[in-house]
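The values are calculated or read from the model by the stated rules, or taken from the named source; none is laboratory data. Since we're looking at a predicted model, the values are computed, not measured. Reconstructed Cβ throughout: ideal geometry from the backbone, glycine too, with neighbour counts over all protein chains shown. To get the accessible areas, we keep the full protein, side chains included, count just its heavy atoms, and leave off ligands, DNA and RNA. Shrake-Rupley method; radii C 1.70, N 1.55, O 1.52, S 1.80 Å.
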Amino acid sequence: MQEKQKDIIIIGGGLTGLTLAFYLKKAGKDFLIVEQQDRTGGVINTISEEGFIYETGPNTGVLSSPEIVELFDSLNNDCKLVIANPESKKRYIWKNKRWNALPSGFISAVTTPLFSFYDKIRILGEPFRKAGLNPDESIASLVKRRMGQSYLDYAVDPFISGIYAGDPHRLITRYAMPKLYRLEQDYGSFIGGAIEKKKLPKSALQKRTTSEVFSVNGGLTYLISALNNAIGNENIITACKNVKVDKSQNGFLVSFNNEAGQIVKLNAPKVITTTGANILSELLPFISKELIQPLSVLKYAPVVQVAVGFTNWKGLKLDAFGALMPTKENRNMLGVLFPSAIFEGRAPKNGALLSVFLGGVKNASLINKSDEEIKLLVLNEISETLGENAAPDLLRIFRYSQAIPQYDISSEQRIFTINKIQDENPGLFLAGNIRDGIGMSDRVKQARMLAEQLNN
Ligand SMILES: Cc1cc2nc3c(=O)[nH]c(=O)nc-3n(C[C@H](O)[C@H](O)[C@H](O)COP(=O)(O)OP(=O)(O)OC[C@H]3O[C@@H](n4cnc5c(N)ncnc54)[C@H](O)[C@@H]3O)c2cc1C
């Protein structure tokens, strides 16, 4: 049996764990990442095959936090940030059996068929509507109250499908879309708040924190390999099985079977978990089932992601970021991204790469369909909505039964429980997307804040 002592152990080598490790390494800390898979990156992974470069997990991020901007600055020599092609800014929404661009200016906002005439008039009153008083208001209720049913059905509902694969009636605004919640609470209006916020003085870093969509040259895997290189292989152990954390005299005892099947035991005064909520009870057996229950019940949306490549695309012009499907339209896909329109080199010349999403909380059983059934569904969606009937040259299916956590009405109790567990067990930190946001920018922000806490 091997036994070691470390100052800090990070469980999980996805983006959260790796970013945390990156900043701990910079600060000269003694740490180790313990990862169960035989590679790091978690849900982030890029594959290059038959002239296509496709993502099996997240496709793009948004430069929405100063922390992600700074991370790319630090990794500049080892991975190259790429920003979405400006011509791919459009987002299409399906209505009346065709794709309609989400309005981007005054004229398109007035002429769009997406929203009802009544709601278009009513939106003029948005800045004068009272702020809500219920801190646990759902996104659906908030949007309907301030903007109207058609904005909910044909803008926010598909947008929520695209981000959360979720249901706006169940997601609580202050947890799931905290920036939107703050706009109403701080400024009394979405429109007024957005205008006021634009006027605020900004530091150089804040000016670089935008809604720009990013990837990395060659795919997001290169962000992971750049982080791995900076952290150093000696600080990462992969292929760890049966990972458990127990209390010990000086903090915690982390044990697991290594790749060779040997039992490894590591003592550390500080342990940070970055895994999903569903395995925490098993990972931390010293915490009573009763106490940890509000974490164990966190619901995740299942997602099926399908990479589809055509070497000779003859369908609709792919001049957008992608297209989203409102629930009301009752179709099978949640949406489709156009990676080859967003970034250079993702498909052969004249070809196209699509990333189709299916399932989500509203169509959860779809994940159980066979590959053949999913393939038929996807090709049918592509044929009927994008006008390409040819057989694809590449089609790869990726299933995530626990893809995106749903920040629903149970969130307050979950955050309270996380804080309580941390208070009762000094040195233990429960991180990852069980709190603080689901996007890559949120993950980097949380990890950076945690690193600062641990470096003090
Ligand atoms: C299909 C999909 C599409 C997405 N699309 C986008 C997008 O377009 N834009 C965006 O910003 N975000 C997107 N996201 C969200 C974003 O990818 C994630 O929030 C982020 O990558 C999560 O990083 P993480 O490190 O917190 O978790 P993970 O990537 O899940 O990493 C957790 C790590 O912990 C490891 N682990 C689990 N259990 C144990 C254990 N017992 N012992 C040791 N290790 C363990 C796992 O193997 C994994 O490596 C998407 C997510 C999914 C699933």
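Could you work out the relative contact order of segment 219-259, using alpha carbon pairs under 8 angstrom and six or more residues apart, expressed as a whole percent? Across segment 219-259, relative contact order equals 33 percent. Across every direction, the projection of the convex hull enclosing the Cα atoms of the chain has a mean area of 22.7 nm².
Paramagnetic label reach from Phe106 (point 7 Å along Cα→Cβ; backbone nitrogen cut-off under 20 Å): within segment 188-202, residues 190-199.
Straight-line reach only, C-alpha to C-alpha below 13 angstrom: list the aspartates and glutamates that Lys90 could link to, leaving out same-chain residues fewer than 8 apart. By straight Cα distance, Lys90 reaches Glu212, Asp319. Of the residues Leu32, Leu15, Leu200, the one whose Cα sits farthest towards the positive end of the charge dipole of the chain is Leu200 (charges of +1 on Lys and Arg Cβ, -1 on Asp and Glu Cβ, taken about the Cα centre). Over the C-alpha atoms of segment 115-201, the Rg to Rh ratio, Rh being the Kirkwood estimate, stands at 0.96.
Distances between placed amide hydrogens fall under 5 Å for Ile10 paired with Leu32, Ile33, Val34, Ile272, all partners being 5 or more residues away or on another chain. Per-residue surface analysis assigns Arg208 an accessible area of about 110 Å², computed on protein heavy atoms at 1.4 Å probe radius. Rolling a 1.4 angstrom probe over the chain with all protein chains present gives an accessible area of which 53% lies on carbon and sulfur atoms. Quote the relative contact order of the chain in percent (integer), defining contacts as alpha-carbon pairs under 8 Å separated by 6+ residues. So the answer I get is 25 percent.
Here the chain carries DSSP beta bridges of which approximately 70% are antiparallel, counting only pairs with both residues inside. Label sites at Asn217 and Glu70, each approximated as a point 7 angstrom past Cα along Cα to Cβ, lie 2.5 nm apart. If the segment from Lys199 to Lys314 were pulled out straight at 0.36 nm per residue, it would be longer than the present Cα-Cα gap by 36.9 nm. Separation of segment 76-123 from segment 251-283 is 45 Å, based on Cα centroids. Ligands, DNA and RNA are left out, and with a 1.4 angstrom probe the accessible area of segment 356-428 is 48 Å² per residue.
Charge tally for Pro302 (other residues, Cβ to Cβ under 12 Å; Lys, Arg +1; Asp, Glu -1): +4. About the centre of its Cα atoms, the chain shows a dipole size close to 1160 debye [charges on the beta carbon of Lys, Arg (+1) and Asp, Glu (-1) only; nearest 20 debye]. Cross-link reach is defined here as a Cα-Cα straight distance under 18 Å, omitting same-chain residues fewer than 8 places apart; for Lys25 the lysines meeting it are Lys6, Lys270, Lys445.
For segment 300-405, a Kirkwood hydrodynamic radius built from all Cα pairs, placed in the Stokes-Einstein relation at 25 °C and 0.890 mPa s, yields a translational diffusion coefficient of 176 µm²/s. The charge dipole of segment 300-405, taken about its Cα centre with unit charges on the Cβ atoms of Lys, Arg (+1), Asp and Glu (-1) only, comes to about 140 debye. The relative contact order of segment 115-201, computed from alpha carbon pairs under 8 Å that lie at least 6 residues apart in sequence, is 34 percent. Other residues whose C-beta falls under 11 angstrom from the C-beta of Ser340 contribute a net charge of +1, scoring Lys and Arg +1 and Asp and Glu -1.
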